[in-house]
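**Q** Take this structure, written in structure tokens, and hold onto it; I'll ask about it next.
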Amino acid sequence: MSKRTMRNSWFVVLTFVLALAMPSLAEQRTVLIVYSYDEGLAWTRQCDKGIREALPGDVSIERLFMDTKRIPQEKFISRAEMVVKEFRRIQPDLVMVSDDTALRLVGPEIAATGVPVVYFGINGNPRDYFVSLPKNVTGLIERIPLLHWVRILFDIIPEADSLLVLMDTSPTADAIIKSSFRGRDWIEFEEKTVGWKKATDWADWQRSVLESESEIILMPIYHSLKNENGTHIPYDEVVSWTSKNSPVPVFATQDYAVGDQGVIGALVVFGEEHGRLAGVIAKKILDGISVLDLSTADDQHGIMYFNPKGLKRFDIHLPKAFEGKVIYKQ
């Protein structure tokens, strides 16, 4: 064998080895995650961590944050246009869309391109955000039945006869009202009354807390509250002020709201596990499974968190049946 032939042979072998060791850039898959909220929100961070754990390491992940809880509503459309523009630039193999606002604003236009869309963190009905649900769209609904949590709260505070569900004016709040109250202002079950109110701004929220005639306050969504000047009120400020000033026990649906300076307790869908489950769906699609072969799933696995200091403040004693089933958080 000539030296030239030997060099050519080694070049072929080396090229083959490198091809095995280094995936082709052309084969690298890209996932774009569109978040309704900001990067600093605990729910966003939890979901992001879970998704990254579920997706293979060779998948490139791009993220966009619409920040719809803090920016004025009149800027939603321009923010959605920016997301769609970035989507077209990135040209991902799959798009994951977090929470109702993002799915409503960018889901239809992205889905119309044929790219698979996996939604998660959705409280409402995904079909409401499309003329008809496209065949390339599936995902995971974030659904802890609100009235189930209400029933638990009445069990641990049996002397209470009324509960107020206090919320901001976000689309998520509208989804909760639609799914839990079916358009009614209040409902009764087991001789107890449950009503809801959407606070128009921070001052209205404060008045609602201080003047509430209900014996329990449940605040499932409060992330888009703004003052009279349109300045966003930080999430932790809403939680701490409400907990400190409320004359009645306050509960939420987020683990990060529970603590010595926060609410007494929460029944939550844990963001990290929710993100992981959504990531598993995305991975199946990337691996070649058709969206049509995947069913929409509901994440209803709830975890209860309680703060000992808050329980003591209102002399609340958890039933013995709760032992070993709750997480205590300071």
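The values are calculated or read from the model by the stated rules, or taken from the named source; none is laboratory data. What you are looking at is a predicted structure, and each value in this text was computed from that prediction instead of being measured. Neighbour counts are summed over all protein chains in view; Cβ atoms, including those assigned to glycine, are modelled from backbone coordinates with ideal geometry. We work out accessible area using only protein heavy atoms, side chains counted, and drop any ligands, DNA or RNA first. Shrake-Rupley method; radii C 1.70, N 1.55, O 1.52, S 1.80 Å.
**Q** Restricting the search to the range 93-105, which residues are open to solvent by less than 40 Å² (accessible area, probe 1.4 Å), within 25 Å of ILE221 (Cβ to Cβ) and either hydrophobic (A, V, I, L, M, F, W, C) or in a helix (DSSP H, G or I) (or both)?
**A** VAL95, MET96, VAL97, ASP99, ASP100, THR101, ALA102, LEU103, LEU105
**Q** Here's another thing I want to ask about it. When you go through GLN206, GLN254, GLN261 one by one, which is the residue that is surrounded by 19 or more Cβ atoms within 10 Å (Cβ to Cβ) and not β-branched (Val, Ile, Thr)?
**A** Being surrounded by 19 or more Cβ atoms within 10 Å (Cβ to Cβ) and not β-branched (Val, Ile, Thr) holds for just one of GLN206, GLN254, GLN261, which is GLN254.
**Q** Still on this structure, I have one more. Out of the residues in the range 209-234 that are among the aliphatic types (A, V, I, L, M) and farther than 23 Å from ILE156 by Cβ, state the one that is most open to solvent (accessible area, probe 1.4 Å).
**A** LEU210
**Q** Of the residues ILE303, ILE285, which single one is open to solvent by less than 50 Å² (accessible area, probe 1.4 Å), closer than 28 Å to LEU41 by Cα, assigned to a strand (DSSP E or B) and in contact (Cβ under 8 Å) with a residue 24 or more places away in the chain?
**A** Just one listed residue meets the conditions, ILE303.
**Q** Need the failing condition index for ASP185 against (1) under 19 Å from PHE251 (Cα atoms); (2) among the charged types (D, E, K, R); (3) surrounded by fewer than 17 Cβ atoms within 10 Å (Cβ to Cβ), just the number.
**A** Condition (1) is where ASP185 drops out.
**Q** Would you call LEU133 at pLDDT below 95 and in contact with a Lys or Arg (Cβ under 6 Å, 6 or more places away or on another chain)?
**A** yes
**Q** Just to be sure I understand, how many residues within the range 106-142 are open to solvent by less than 50 Å² (accessible area, probe 1.4 Å) and under 18 Å from the mean Cα position of the chain (by Cα)?
**A** Looking only at that region, the number is 18.
**Q** Also, quick follow-up: So, in the range 63-92, exactly how many residues are charged (D, E, K, R) and open to solvent by 70 Å² or more (accessible area, probe 1.4 Å)?
**A** Residues that pass the stated criteria total 8.
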